[in-house]
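Below: the structure, in structure tokens.
Just so you know, all these numbers are worked out from the coordinates, no wet-lab data involved. What you see is a predicted model; the values in this text were computed from it and never measured. Glycine also receives a Cβ, built like all others from the backbone with ideal geometry; neighbour counts cover every protein chain displayed.
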Protein chains: 2
Amino acid sequence: MKKYTDMTREELQAEYEVVSAQYEQLKSLGLHLDMSRGKPNPAQLDLSMGMLRMDPFTLIHTRKGTDVRNYGELAGVDEAKELFAELLGVGTNQVIMGGQSSLNLMYDTVVKALTLGVYGGKEPWGKQGKLKFLCPVPGYDRHFAICQEFGIEMINIPMTEDGPDMELVRNYVETDPSVKGIWCVPKYSNPQGITYSDDTVRAFAALKPAADDFRIFWDNAYLIHDHGRTPDSLLNIFDACKAYGSEDMVYEFISTSKVTFSGAGVAVIASSEANTKHLLKQMGIQTIGYDKINQLRHVRFFKNAQGMRDHMEAHAALIRPRFDCVLGYLEQELTARGIGSWRNPNGGYFISYDGMKGSAKRCVQLCKEAGVVLTSAGATYPYGNDPEDKNIRIAPSFPGIEELAQCARLFCVVQRLVSLELLLA
Amino acid sequence: MKKYTDMTREELQAEYEVVSAQYEQLKSLGLHLDMSRGKPNPAQLDLSMGMLRMDPFTLIHTRKGTDVRNYGELAGVDEAKELFAELLGVGTNQVIMGGQSSLNLMYDTVVKALTLGVYGGKEPWGKQGKLKFLCPVPGYDRHFAICQEFGIEMINIPMTEDGPDMELVRNYVETDPSVKGIWCVPKYSNPQGITYSDDTVRAFAALKPAADDFRIFWDNAYLIHDHGRTPDSLLNIFDACKAYGSEDMVYEFISTSKVTFSGAGVAVIASSEANTKHLLKQMGIQTIGYDKINQLRHVRFFKNAQGMRDHMEAHAALIRPRFDCVLGYLEQELTARGIGSWRNPNGGYFISYDGMKGSAKRCVQLCKEAGVVLTSAGATYPYGNDPEDKNIRIAPSFPGIEELAQCARLFCVVQRLVSLELLLA
């Protein structure tokens with residue numbers, strides 16, 4: 001195999017004929033597959049069926065005797081708060097059990113900041129004119145959608161191997177009071193699978209925001225979602241904040257959507273005690289409490305944080321071969337040809353693939369025409385606008401291995417084809 | 001027994017001595033009871049334990065094969081939408097399954113109207129300056145708290161035996177474009193237990209709001225919560241709206257908080273198809289979907305709307321004796337003495353008691369001093385301000401019958417005492 005960039009025009013043309021034929025052949029298979037979203041596969045969901053098989057009488061009362069079937073306990077039952085406090089390495093008074101969706105908690109927290117204000121803020125964000133959020137890119141489209149929905153201007157922050165470019169972050173946060181937040185997926189970032197280095201986490205903790213109501217949205221979606229040979233480790237941001245007295249700056253989110261059930265897990269927001277108290281006062285107007293039976297179900301199932309970590313090993317065993325399959329194809333089909341770049345992450349749900357400039361939309365389109373749905377090109381950037389049109393988020397978790405192999409084969413053929421088109425143009 | 005208002009001052013004084021002694025005696029019992037909230041009693045919650053005992057494999061797939069354990073189905077699973085569409089008498093496309101709290105859905109719907117706007121509205125409520133909501137009084141404190149949280153001015157609308165004073169409602173709604181909504185509990189209203197008459201429902205449907213973004217918040221919390229000998233019937237507001245083409249004006253809410261589990265039921269918003277589509281677009285930014293396993297649990301448990309109605313008969317059998325107990329004491333202790341007024345509702349969770357002007361706060365305080373917690377005086381009015389300080393919401397559902405009898409005895413003694421204080425003052 002030869003690097004495409006080393007080929008003569010004639011060689012490229014010949015290769016184009018070959019790859020076109022391969023693409024047409026794959027297209028003729030009539031595939032119908034979806035790699036667009038980070039959904040667990042059914043075997044992963046089966047791992048938690050024990051949660052639905054519990055003695056119902058163990059799901060009635062908390063340790064202190066509260067009947068969880070009834071109203072009350074806005075912040076969640078003690079046992080559940082303790083489980084997640086242990087997992088996150090924070091105090092029980094820093095934990096609020098939400099509903100089943102951390103996205104919902106993030107959205108609600110932004111909305112409360114906009115309409116009511118955050119702890120220590122002088123007035124609601126929504127009364128302060130233009131608002132900005134920093135968005136490490138590539139990133140998670142649903143974070144960006146929240147900002148877009150409420151007219152919050154998004155500023156791209158390039159990601160490095162250590163996390164967001166902290167020089168740039170510091171510059172924005174410390175000089176512009178209209179910068180109110182930043183979206184972070186600090187461990188196994190969506191989509192690159194990058195874990196923020198200790199220095200990056202410390203740099204976050206050390207920020208001195210120009211705004212008195214700036215918040216870091218620390219979406220720790222993949223905290224325990226290791227599947228690599230050497231799991232990454234992430235510094236506890238609240239520990240880092242202690243040195244700077246900056247705990248009020250952080251909202252941390254986590255859920256069991258990819259631990260138990262994506263549609264029926266539990267979600268958590270952890271924050272400083274002052275933030276937690278403030279949020280609970282606001283949440284007390286919104287609801288009398290979230291689903292406590294489901295909280296207790298999770299507690300009884302996992303028992304403690306180690307129980308959750310052990311459970312994740314079974315997930316890893318199902319996830320790893322899928323990553324290996326896709327990464328194997330990329331390596332085998334593209335590396336020697338000098339096409340694209342990607343990381344081999346130690347956890348998380350995605351492979352972030354960068355093709356040639358101007359290739360992503362065309363690639364997604366050609367895959368779609370051959371029956372494989374990928375995440376929309378651009379989705380990993382605010383406003384759906386990937387300035388170089390090169391990033392594609394590959395989500396290998398859901399399909400079966402054989403289907404996935406077909407997807408990966410198709411993806412590689414399409415990458416070659418689009419690269420050839422660009423080189424020949 | 002003699003009416004207090006017919007007593008001479010000497011008779012009042014003598015009665016006061018007797019009743020004071022009774023109060024002190026009850027106080028010495030060291031009661032410790034709570035009648036403040038409309039909470040189901042444990043026996044009611046036991047009625048739905050079958051929901052936690054289901055074969056877990058019946059909780060995985062919907063009829064069309066969707067794995068409910070995974071992400072997706074923002075509006076809820078078809079079966080659940082059908083169940084509530086049947087119950088509410090609306091189309092399946094008019095139903096969205098929310099989380100487990102209808103209060104949360106109401107709050108979120110208000111917030112979306114404030115920040116993003118409603119279907120057909122020119123701009124978000126929050127950009128239109130002063131906002132007003134009409135509040136039939138006495139009413140539900142948690143409705144009022146949402147308005148207060150967001151600085152929406154609340155206007156008291158007196159309740160009649162047929163529902164809110166519709167002359168007044170029409171006047172406000174049709175002349176003042178800053179009136180954006182009205183809170184209604186149309187069946188077995190909280191706290192009076194009044195069901196809106198057909199004429200009242202039709203008058204709602206016939207409203208021609210001055211604002212193009214006015215909404216009726218139709219909190220049908222007690223739609224199937226009959227426990228009287230002759231259940232009330234409520235006209236279907238969407239049917240009534242058809243005659244006027246006013247379906248977009250109504251958001252209807254319901255939940256199973258007092259059908260299955262208060263902390264782990266399902267909540268629903270029903271609206272016009274146009275509203276539903278608009279809301280789903282907004283909700284799609286907030287979450288990927290609500291707990292679908294719990295939706296399926298409810299569907300499997302009830303099968304259909306008749307299954308829910310049948311289930312409610314078992315609730316009624318537990319609720320009715322509690323109402324009879326309290327109403328019996330009120331009748332026996334207060335009627336002949338000419339103290340107070342109240343209704344004997346055919347359903348719902350409350351007895352609304354009106355004492356003498358200026359009696360409510362004192363009554364709640366004296367009950368509290370004797371160990372019985374009632375809903376705060378004033379809570380049934382916006383801003384916690386009962387202009388005549390006379391209304392008390394009695395919530396008989398939670399305590400056991402014997403405890404309830406003690407509460408009711410105490411309540412009657414306190415009512416007599418406070419009335420005597422006022423008559424002697």
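Can you list, shortest first in nanometers, how far A:Gly400 lies from the same residue in the other copies, with each label 7 Å from Cα toward Cβ?
5.7
If you keep only loop residues by DSSP, which trypsin sites (Lys or Arg not before Pro) in the range B:1-56 have at most 16 other Cβ atoms within 10 Å of their Cβ?
Numbers: sites: B:Lys2, B:Lys3, B:Arg9, B:Lys27, B:Arg37, B:Arg53; in loops: B:Lys2, B:Lys3, B:Arg37, B:Arg53.
Counting only loop positions with at most 16 other Cβ atoms within 10 Å, the trypsin sites (Lys or Arg not before Pro) in the range B:1-56 are B:Lys2, B:Lys3, B:Arg53.
Return one quarter of the surface area of the convex hull spanned by the alpha-carbon atoms of the protein assembly as shown, equal to its mean projected area, in nm².
On the way: hull surface 151.3 nm².
That works out to 37.8 nm².
Taking the 0 to 90 degree range and rounding to the nearest ten, how far is the long axis of helix B:9-27 tilted relative to the main principal axis of chain B, both from C-alpha atoms?
For helix B:9-27, the angle is close to 60 degrees.
Nearest 500 deg cm²/dmol is fine: what mean residue ellipticity at 222 nm does chain B get from its DSSP H runs of n ≥ 4 alone, each adding -39,500 (n - 2.57), divided by its residue count? Intermediate results must be reported in sequence, preceding the final value.
Details: 13 runs with 167 residues, N = 425.
Mean residue ellipticity, 222 nm, calculated: -12500 deg cm²/dmol.
What's the average, rounded to a whole number, of partner chain beta-carbon atoms within 10 Å of each residue's beta-carbon in A:256-262?
The per-residue average across the peptide is 3.
What's the extension gain from B:Glu167 to B:Asp212 if we count 0.36 nm per residue and subtract their Cα-Cα distance? Can you show the working numbers first?
Working: separation 45, 0.36 × 45 = 16.20 nm, distance 2.01 nm.
Full-extension gain reported as 14.2 nm.
Starting from a label point 7 Å past Cα on the Cβ side, list the distances from B:Thr58 to the same position in the other copies, nm, shortest first.
2.2
Measuring from a point 7 Å out along Cα→Cβ, what nm distances, shortest first, does A:Glu167 have to its partners in the other copies?
7.6
FRET efficiency for A:Lys3 and A:Thr175, Cβ-Cβ distance as r, R0 = 51 Å, nearest 0.05?
Working from the Cβ atoms, E equals 0.70.
Distance in nm between label sites at B:Ala21 and B:Asn93, each 7 Å beyond Cα in the beta-carbon direction?
The two pseudo-label positions are separated by 7.4 nm.
Taking N as the number of residues in the range A:61-303, what value does Rg over Cα atoms divided by 2.2 N^0.38 Å take? Show your work: numbers first, answer last.
Values: Rg = 17.3 Å, N = 243, 2.2 N^0.38 = 17.7 Å.
Normalised Rg, Cα atoms only: 0.97.
For the range B:320-425, state which trypsin sites (Lys or Arg not before Pro) are in a DSSP loop and have at most 12 other beta carbons lying within 10 Å of their beta carbon. Can you show the working numbers first?
On the way: sites: B:Arg322, B:Arg337, B:Arg343, B:Lys357, B:Lys361, B:Arg362, B:Lys368, B:Lys390, B:Arg393, B:Arg409, B:Arg416; in loops: B:Arg337, B:Arg343, B:Lys357, B:Lys390.
Of the trypsin sites (Lys or Arg not before Pro), the ones in loops of the range B:320-425 whose Cβ has at most 12 other Cβ atoms within 10 Å are B:Lys357.
If you add up the charges near B:Tyr349, with Lys and Arg at +1 and Asp and Glu at -1, over every other residue whose beta carbon is less than 15 angstrom from its beta carbon, what do you get? Don't skip to the end; give the middle numbers.
Details: positive: B:Arg37, B:Lys39, B:Arg142, B:Lys187, B:Lys258, B:Arg320, B:Arg322, B:Arg343, B:Arg393; negative: B:Asp34, B:Asp141, B:Asp219, B:Asp226, B:Asp232, B:Asp324.
After counting each charged neighbour, the total is +3.
Assign unit charges at the C-beta atoms only (+1 for Lys and Arg, -1 for Asp and Glu), then state the dipole size of chain B relative to its Cα centre in Debye, rounded to the nearest 20.
Details: 45 positive and 52 negative charges, 155 e Å.
Dipole about the Cα centre, nearest 20: 740 debye.
Using the Cα centre as the reference, give the magnitude of the dipole from point charges on the C-beta atoms of the range A:12-96 (Lys, Arg: +1; Asp, Glu: -1; all else neutral), rounded to the nearest 20 debye. Mind dumping the intermediate values first?
Values: 8 positive and 12 negative charges, 58 e Å.
That gives a dipole near 280 debye.
Please give, to one decimal in nm, the separation of the simple spin-label points placed at A:Arg53 and A:Lys127, each 7 Å out from Cα toward the Cβ.
Simple spin-label model gives 5.5 nm for this pair.
Averaging over every viewing direction, what projected area does the convex hull of the Cα atoms of the range A:1-113 cover, in nm²? Provide the component values of the computation, followed by the final result.
Working: hull surface 61.3 nm².
Here the figure is 15.3 nm², rounded to one decimal.
Specify which residue in the list B:Gln25, B:Pro56, B:Ala75 is farthest towards the positive end of the charge dipole of the range B:1-140, using unit charges on the beta carbon of Lys, Arg (+1) and Asp, Glu (-1), about the Cα centre.
B:Ala75
Cα centroids of the range B:277-353 and the range A:144-178: how far apart, whole angstrom?
48 Å
Under a Cβ-Cβ cut-off of 10 Å, what is the net charge of the residues other than B:Gly340 that fall near it, where Lys and Arg count +1 and Asp and Glu count -1?
Working: positive: B:Arg337, B:Lys390, B:Arg416; negative: B:Glu333, B:Asp354.
So the surrounding residues net to +1.
Enter the mean number of other protein chain beta carbons within 10 Å of the beta carbon of each residue in A:109-122, as an integer. List each step's numbers first, then the result.
Numbers: counts 0, 1, 7, 2, 0, 4, 7, 4, 0, 0, 0, 0, 0, 0.
Taking the mean over all residues of the peptide, I get 2.
Return the average number of partner chain Cβ atoms within 10 angstrom of each residue Cβ along peptide A:96-104.
Numbers: counts 0, 0, 1, 8, 10, 8, 1, 5, 9.
Taking the mean over all residues of the peptide, I get 5.
Counting other C-beta atoms within 10 Å, and keeping those with at most 14, which DSSP coil GluC sites (Glu not before Pro) do you find in the range B:93-182? Working shown, then result.
Numbers: sites: B:Glu149, B:Glu153, B:Glu161, B:Glu167, B:Glu174; in loops: B:Glu161.
Loop-located and lightly packed - B:Glu161.
Only Lys, Arg, Asp and Glu count, each charged at its Cβ (+1, +1, -1, -1), so figure out the dipole size of the protein assembly as shown about its Cα centre, rounded to 20 debye. Mind dumping the intermediate values first?
Working: 90 positive and 104 negative charges, 64 e Å.
Around 300 debye, computed over the protein assembly as shown.
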